[in-house]
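The values are calculated or read from the model by the stated rules, or taken from the named source; none is laboratory data. The structure presented is a predicted model; accordingly, all values stated were derived computationally and were not measured. Quick reminder, even Gly has a Cβ in these numbers, built from the backbone with ideal geometry, and neighbours come from all protein chains shown. Areas reflect the complete protein model, heavy atoms only, side chains present, ligands, DNA and RNA absent. Shrake-Rupley method; radii C 1.70, N 1.55, O 1.52, S 1.80 Å.
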Amino acid sequence: MTQLDSTSAALESGEADERSAPAIRRVVSTGRLEYPRAQRIAIGTLSVLGFFTVWWAATTFTDVNPIFLPELGSIRDAVALSYTSGELIPNLQSSVTLFVACMAGSLAIAVPLGILVGAIEPINRTFGTWFWTIYTSPRIVFIPLILIWFGYTTTAKVAIIVLSAVPPATVMIMEGVKTVEGSMLRAARSFGASRFDQLRKIILPGTLPYVGTGIRMGVARGLVGLFGAELFTSRDGLGFLLVDAQTRYNVPMVFGVLTMYLIMCMVMVSASAAAEKRLSRWRD
C-alpha cells in the first residue's frame, strides 16, 4: 500500500469515527469571565455595603458639611417622617405606576414601528432620518412646548416619557432589521415566501436581540424623561417630593428621594437587561 493509500484510509477511518461518535456541543469562549448568580449577588451586595461604609466613615470621622453629605441616620429619619406623614407611599406609587404604564405604551409603539420602518425601504427613506433626528436631540428642548400644549398635568408627563423612550427604542430596532442578511430574504423569495412569511420567519427572529437592546435603551431614556417630567410639573411623584424638600432646604430628604430614584433605576434597568439577555439567548 502506498503512502497516499494509507493516508486516504486514515482519513476515511477518522471521518467514520466522527460520524459514529456522539455529538458534542462546542463552547466558544467569549473572553469574558462568567460568574455564578450567587457570586454576582455577593459582589453587588459587598459593593453597596462598601459604599455606605465609606459614607458613614466620612460623616462620622470628618467635619464634612451636612449640606454636602448628611449622615445616613438623618436621611433615614427624613424618609421615615415622610412615610408616617402619608406623603411617601402615594408619591412613590404615582411614579412607579406612571413609568410602567408609559413604558408599556412606548414599547407597544416602538417595536412594531421599528420593524416596519426598517423592513420597508420607502418608509425607511422617508421617516428614518426623522427618527434619528428626534433620537439625537435632547428631549428637554421639547418640554416647554409640551407644557404649553398640555399644562402641568399628567398628560404632559406621559408625553415627555413617551417622547424620551420611543425614539431610541425605534432607532435600535430599525437598525437591527437592516442587519438581516439579504441573501436569506432572496432565498425565501425564490421559494415563494410572501412578505408576511419573510417577516415572521426571517426578519423577526433575526431582529430579536436588537429588540432587547431597544427595550433597554427605551427604559433608560424613559427614566430620564420621568425624572425631568416630575421636576418640571412638580404636582406629584418622587419629583414633587424632591422639589418640596429642596425648597425647604431639607437636604436629608433630598438625598433620600435621590436614593429612591437610584433604586428604581437599578430595578428597571436590571429587568430590561434580563429581557435583553433572554431575547439574545438564541445566539448561544
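Need the failing condition index for ALA271 against (1) open to solvent by less than 70 Å² (accessible area, probe 1.4 Å); (2) in contact (Cβ under 8 Å) with a residue 60 or more places away in the chain, just the number.
For ALA271, the exception is condition (2).
Give the residues of the range 57-68 that are surrounded by 13 or more Cβ atoms within 10 Å (Cβ to Cβ) and either among the aromatic types (Phe, Trp, Tyr) or touching a Cys at 6+ places or on another chain (Cβ under 6 Å) (or both), sorted by residue number.
Answer for the range 57-68, where residues must be surrounded by 13 or more Cβ atoms within 10 Å (Cβ to Cβ) and either among the aromatic types (Phe, Trp, Tyr) or touching a Cys at 6+ places or on another chain (Cβ under 6 Å) (or both): there is none.
Would you list the helices (runs of 4 or more DSSP H) that sit entirely within the range 113-178 and hold 3 or more residues that are touching a Leu at 6+ places or on another chain (Cβ under 8 Å) and in contact (Cβ under 8 Å) with a residue 60 or more places away in the chain?
It comes to 154-177.
Listed here are the residues, each with its yes/no results for (1) closer than 30 Å to PRO205 by Cα; (2) open to solvent by 50 Å² or more (accessible area, probe 1.4 Å); (3) within 23 Å of the chain's Cα centre (by Cα).
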site	(1), (2), (3)
VAL100	yes, yes, yes
GLY105	yes, no, yes
ILE115	yes, no, yes
ILE123	yes, no, no
ILE140	no, yes, yes
ILE160	no, no, yes
PRO167	yes, no, yes
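From ASP77, ASP63, grab the single residue that is among the acidic types (Asp, Glu) and over 16 Å from LEU258 (Cα atoms). Spell out the reasoning first.
Details: ASP77 fails: over 16 Å from LEU258 (Cα atoms).
Exactly one residue qualifies, and that residue is ASP63.
List every residue pair whose Cβ atoms sit under 8 Å apart, with the two residues 6 or more apart in sequence or on different chains, where the first one lies in the range 79-104 and is of a type in the set (Phe, Trp, Tyr) and the second, anywhere, is open to solvent by less than 60 Å² (accessible area, probe 1.4 Å).
These pairs meet every condition: PHE99/ILE161; PHE99/GLY222; PHE99/LEU223; PHE99/LEU226; PHE99/MET264; PHE99/MET268.
Okay, residues lined up against (1) surrounded by 12 or more Cβ atoms within 10 Å (Cβ to Cβ); (2) modelled with pLDDT of 85 or more; (3) under 30 Å from SER164 (Cβ atoms):
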site: LEU49; (1), (2), (3): no, yes, no
site: PRO70; (1), (2), (3): yes, yes, no
site: VAL79; (1), (2), (3): yes, yes, yes
site: ILE89; (1), (2), (3): no, yes, yes
site: GLN93; (1), (2), (3): yes, yes, yes
site: ALA108; (1), (2), (3): no, yes, yes
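Condition first: assigned to a helix (DSSP H, G or I), more than 30 Å from ALA165 (Cβ to Cβ), at pLDDT 90 or above and of a type outside the set (D, E, K, R). Can you find one or more residues in the range 23-39 that meet it?
At the first step, the residues of the range 23-39 found to be assigned to a helix (DSSP H, G or I) are 37-39.
Those still in the list that are more than 30 Å from ALA165 (Cβ to Cβ) too: 38-39.
Then keep just the ones that are at pLDDT 90 or above; that gives none.
No, the range 23-39 contains no residue that is assigned to a helix (DSSP H, G or I), more than 30 Å from ALA165 (Cβ to Cβ), at pLDDT 90 or above and of a type outside the set (D, E, K, R).
Is one or more of the residues making up the range 197-217 modelled with pLDDT of 75 or more, open to solvent by 40 Å² or more (accessible area, probe 1.4 Å) and of a type in the set (Lys, Arg)?
For the range 197-217, residues modelled with pLDDT of 75 or more, open to solvent by 40 Å² or more (accessible area, probe 1.4 Å) and of a type in the set (Lys, Arg): present.
List the pairs whose first member sits in the range 216-234 and is in contact (Cβ under 8 Å) with a residue 12 or more places away in the chain, whose second member is basic (Lys, Arg) and in a helix (DSSP H, G or I), and whose Cβ atoms are under 8 Å apart, counting only residues at least 6 apart or on separate chains?
ARG221/ARG139; VAL224/ARG139; GLY225/ARG139; LEU226/LYS157; GLY228/ARG139; ALA229/LYS157; GLU230/LYS157; THR233/LYS157
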